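Worksheet: the structure to be examined is printed underneath.
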Amino acid sequence: MWIKNGRVIDPAAKADFIGDVHIEKGKIAGIYKAGKAPKGKDTIDAEGLLVIPGLIDMHVHLRDPGYEYKEDIYTGSLAAAAGGVTTIVAMANTDPVNDSPAVTQYIVEKAAACAKVRVLPVGAATKGLKGEELSEMGLMKASGIVAISDDGQPIKDASMLRKVLEYSSTFGLRLISHSEDKTLSGTGAMNEGMLASKLGLPGIPDAAEEVMVARDIIVSEYTDIPIHITHISSKGSLDLIKTAKQKGMQVSCDVTPHHLLLTEKAVALYSTNAKMNPPLRQDADRKALIKGIKDGIIDVIATDHAPHAKDEKDRDFDLAPFGTIGLQTLLPALLKLHYEEKIDLMKLIACVTINPAKILGIEGGTLAPGARADIAIVDPDVKWEFTGDMIKSKSKNSAFLGMPFKGNVVYTIVNGKVVYGA
C-alpha cells in the first residue's frame, strides 16, 4: 500500500512535509517526498489530508469482562478506529478485576479474535483494587500487560504505594496513579465552589487531587522510581508536577480532552454526561492545563473513555456514575485545541503518539521505517457536529454531544490494514 501526497507529520522524527508513505507486510517500508508513489489500486490519495501515526490512548475503560452491557472489546475498538486510535490501553477495573494472568489472557485472546485495533491491558496494582495486597504483576506481564494501575481507586496507603512502585519496577512496569484523597472528595459530585452551592450538589475540592499528587511525587522521589499521574484536572496539580520536573524527578502526567475543552459550567443544567472524576473544574484550571501542554509539562492527552448505560446516566445527578466516552472524539478534540487554543499541532500529536509509547515502553507512535504501520489519515478542514447517531460505542454518554468540530478521521490503518474508512 502507498499513501501519497499527504501532509506527513511525525513528532518522533520532527517531520512535517508533503510526502508519500510506503507500507509493506504491516510495517512502514519508507517515507519519501511526494512523487515516489506509483499509480495503482493499492494507493490512497491523501492530497489535502494529514498523515500521522495512529493514536495511542493510554487510559481507556473497555468494561470487558463483566460490564459488556456498557462496552466490550469489539465495540470499543470500533469507536477507537473511527477516532484514529490504533492502540487502546485498557484499565483493570473490570469484573473480575484484571489482577491475575487468567484475566489478562482473556483480554488478550478476545482482542486478538475481534478487535479492530491493538488492545494492551493494564494490570491492577493490588488484588481486587483494594490496596491491601500486591497483584501478580510478573505473571500478568508475561501474559501481556504493559502497565499497572488501580484506576478508579487511589492507592490510599503510602507504604503500599511504595511497595507497588518497588515491585512493579522489577518488571519494568509503569504505575498509572489515580491521585485522589477520598476522605476529601467524599460523596462529592462536581467541582466544589459557588456553582455547586447554587445547584445544591456536594463538591469535590481541588485539594482532594492535589494532596495525593504531592504524596505520589514524594514517594516516587524517595524510591527513585518513575510514576505517571493520570487525568490531572487542577492548576495546583500542574504546579506540583512542574516543580517536580524542574527538579529532574521522574514524573509524567496526562490530561483528558474534556478537561481541556469544558468547565464546570457544563454541569449547569444537571447534565450527567458532564459528571466525571476528577470533575470539570473552573476556566482558570482549564487555561492552566492548556498552558501546561504548550510548555511541555503535560506529556500525554488520554480520554479516560468511561462508558455507562443510558439508564445509569439518566438518574439524579448525585446518583449517576462518573464518566464520559471519548475514543471517537480524541482526534477531533486535538484539532479543536489546535484551531481555537493555538496549540502547536506537532506538540498535540506527540501527546497521543510517541509520548505515551515512550512512557509505556511499547512500540508504535511513529512513522519511522520498520515501525508498525499504524496510521491515521485526517481531513483537517471538514466541519461537522458530533451527534448520538454517530457513536460507535455501546454507550452514548459523551460530554461532547452537540459540539461543533473542524477536522475528522478519513482512514485508520492498523498493522497495514484499513480498519476504518472507504
- prompt: Do the conditions hold for Leu289, that is, is it hydrophobic (A, V, I, L, M, F, W, C) and part of a helix (DSSP H, G or I)?
  reply: yes
- prompt: Among the residues of the stretch 118-127, is any assigned to a helix (DSSP H, G or I) and either closer than 17 Å to Tyr167 by Cβ or in contact (Cβ under 8 Å) with a residue 12 or more places away in the chain (or both)?
  reply: yes
- prompt: Restricting the first residue to the stretch 267-290 and requiring it to be in contact (Cβ under 8 Å) with a residue 12 or more places away in the chain, which pairs with a second residue that is among the aromatic types (Phe, Trp, Tyr) meet a Cβ separation below 6 Å and a spacing of at least six or different chains?
  reply: Tyr270/Phe317; Thr272/Phe317; Lys275/Phe322; Met276/Phe322; Asn277/Phe322
- request: State whether the residues of the stretch 117-127 include one that is surrounded by fewer than 17 Cβ atoms within 10 Å (Cβ to Cβ) and closer than 25 Å to Asn277 by Cα.
  value: yes
query: Mind checking whether some residue in the stretch 125-135 is within 30 Å of Asp10 (Cα to Cα), touching a strand residue (DSSP E or B) at 6+ places or on another chain (Cβ under 6 Å) and among the hydrophobic types (A, V, I, L, M, F, W, C)?
result: no
- request: Look at Ile107 and say whether it is crowded, with 18+ Cβ neighbours inside 10 Å and closer than 24 Å to Lys392 by Cα.
  value: yes
message: Residues that are closer than 28 Å to Ala357 by Cβ, at least 1 per element: which helices (runs of 4 or more DSSP H) completely within the stretch 149-235 meet that?
response: 158-169, 206-223
- request: Taking the residues in the stretch 13-40 that are part of a loop (DSSP other than H, G, I, E, B) and not basic (Lys, Arg) as candidates, determine which candidate is modelled with the highest pLDDT.
  value: Gly26
message: Consider the stretch 309-351. How many of its residues are more than 30 Å from Gly200 (Cα to Cα) and of a type in the set (Val, Ile, Thr)?
response: 3
message: When you scan the stretch 384-391, do you find a residue that is free of Cβ contacts under 8 Å to residues at least 60 places away in the same chain, farther than 26 Å from Asp295 by Cα and assigned to a loop (DSSP other than H, G, I, E, B), even just one?
response: yes
message: Looking at the stretch 30-44 only, could you name the residues that are surrounded by fewer than 23 Cβ atoms within 10 Å (Cβ to Cβ) and farther than 16 Å from Ile9 by Cα?
response: Gly35, Lys36, Ala37, Pro38, Lys39, Gly40, Lys41, Asp42, Thr43
- request: Quick one: which residue in Asp181, Asp224, Asp157 is in contact with a helix residue (DSSP H, G or I) (Cβ under 7 Å, 6 or more places away or on another chain), acidic (Asp, Glu) and more than 21 Å from Ala284 (Cα to Cα)?
  value: Asp181
task: Scan Ile298, Ile241 and give me the residue that is closer than 25 Å to Gly84 by Cα, crowded, with 20+ Cβ neighbours inside 10 Å and in contact (Cβ under 8 Å) with a residue 24 or more places away in the chain.
output: Ile298
task: Scan (1) part of a helix (DSSP H, G or I); (2) touching a residue at least 40 places away in the same chain (Cβ under 8 Å); (3) more than 25 Å from Ile241 (Cβ to Cβ) for the single condition Asp311 breaks and write down its number.
output: (2)
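Yes or no, residue by residue, for (1) more than 17 Å from the chain's Cα centre (by Cα); (2) modelled with pLDDT of 95 or more:
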residue	(1), (2)
Ala268	yes, no
Asp311	yes, yes
Ala320	yes, yes
Thr353	no, yes
Test result for Leu50, buried (at least 22 other Cβ atoms within 10 Å of the Cβ), within 22 Å of Gly361 (Cβ to Cβ), in contact with an Asp or Glu (Cβ under 9 Å, 6 or more places away or on another chain) and in contact (Cβ under 8 Å) with a residue 60 or more places away in the chain: no
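The values are calculated or read from the model by the stated rules, or taken from the named source; none is laboratory data. Keep in mind the model is a prediction, meaning the values are calculated, not measured. We place every Cβ from the backbone using ideal geometry, glycine too, and count neighbours over all the protein chains shown.
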